[in-house]
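So the structure is just underneath, and the comments pick up after that.
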Amino acid sequence: MDAAEFQETVEESNAVELERLGSSKLLVALTDADLTEETVLRTAAGSERAAMETLEAWIDDEDHDDAREFFVASRDQERDHYDRITAMLEDGEVDAGSVDPMHERLRSLETPTARLGGLVGRALVSDRTHLQLVGFFVNEGDEQRADCFRELRTETATQGDRAAELLADVCAGSEDWRRARTVAEDVIDVAYDAYADSLDELGLDPRPIC
């Protein structure tokens, strides 16, 4: 298996979950139906801060040199994303708050194979989140903020691509690839379950309206 095949396999096996995460209901779930610009921005900043802190925790105990270097670069990228979003807020700061289920799962991972697989899954989830953020600000008539989230979407997708590429160096055989795929799919499942639970609490159905 190679990087491209790995990503395609994960995306295909979680096609239903990813399609639903890419719906307009996503921001409703993430903001508890508070779709004000302030809340949307604070929610987005909180997500970037969670990613930054997840990667920071991995850096301290990662023995694989290439993986550790990648985690450092990704941590710095997530910090930059956080800074770019909080610059749009009046107070310019967002508390870490409670860890969301996806990042709680990511922080439980201990091997480079699992962590890289987890980042592939996280990038696929984030791609849908950023797409909805772009759409939100387009609808608000704020092209500057929409462009910012377009850039963040591209950069996060590249991070997922790089994680998959590194798996080709880290995985010793098909069993390692299988473990990485299991983790990537699990991360997506956890994110989807949190999304569905949030909508359920709001009395909404995560399934698309046909």
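Brief remarks on what is shown
- Any hit, the stretch 174-191, residues being open to solvent by less than 60 Å² (accessible area, probe 1.4 Å), touching a residue at least 12 places away in the same chain (Cβ under 8 Å) and not in a helix (DSSP H, G or I): no
- Selection status of Leu131, under 15 Å from Glu11 (Cβ atoms), in contact (Cβ under 8 Å) with a residue 40 or more places away in the chain and open to solvent by 50 Å² or more (accessible area, probe 1.4 Å): yes
- Test: residue in the stretch 24-38 that is open to solvent by 50 Å² or more (accessible area, probe 1.4 Å) and small (Gly, Ala, Ser): yes
- Within the stretch 148-172, residues that are among the charged types (D, E, K, R) sit with their Cβ atoms under 6 Å from residues that are in a helix (DSSP H, G or I), at 6+ positions apart or across chains, in these pairs: Arg150/Val134; Arg153/His130; Glu165/Ala3.
- Output for the stretch 56-71, where each listed residue is open to solvent by less than 40 Å² (accessible area, probe 1.4 Å) and either under 15 Å from Ala157 (Cα atoms) or part of a helix (DSSP H, G or I) (or both): Trp58, Ile59, Ala67, Phe70, Phe71
- Any hit, the stretch 178-187, residues being touching a helix residue (DSSP H, G or I) at 6+ places or on another chain (Cβ under 9 Å), at pLDDT 95 or above, under 15 Å from Thr54 (Cα atoms) and not hydroxyl-bearing (Ser, Thr, Tyr): yes
- Residues in the stretch 158-173 that are surrounded by fewer than 16 Cβ atoms within 10 Å (Cβ to Cβ) and within 14 Å of the chain's Cα centre (by Cα): Thr158, Asp161.
- Screening the candidates Asp32, Asp2, Asp61, Asp66 for the property of being over 19 Å from Leu167 (Cα atoms) and of a type in the set (Asp, Glu) yields one hit, Asp32.
- Some residue of the stretch 107-116 being at pLDDT 95 or above, in a helix (DSSP H, G or I), open to solvent by less than 10 Å² (accessible area, probe 1.4 Å) and farther than 20 Å from Ala44 by Cβ: yes
The values are calculated or read from the model by the stated rules, or taken from the named source; none is laboratory data. Just so it is clear, the structure is predicted and the values come from calculations on it, not from any experiment. So basically every Cβ, Gly included, is an ideal-geometry build from the backbone, and we count neighbours across all protein chains shown. Areas reflect the complete protein model, heavy atoms only, side chains present, ligands, DNA and RNA absent. Shrake-Rupley method; radii C 1.70, N 1.55, O 1.52, S 1.80 Å.
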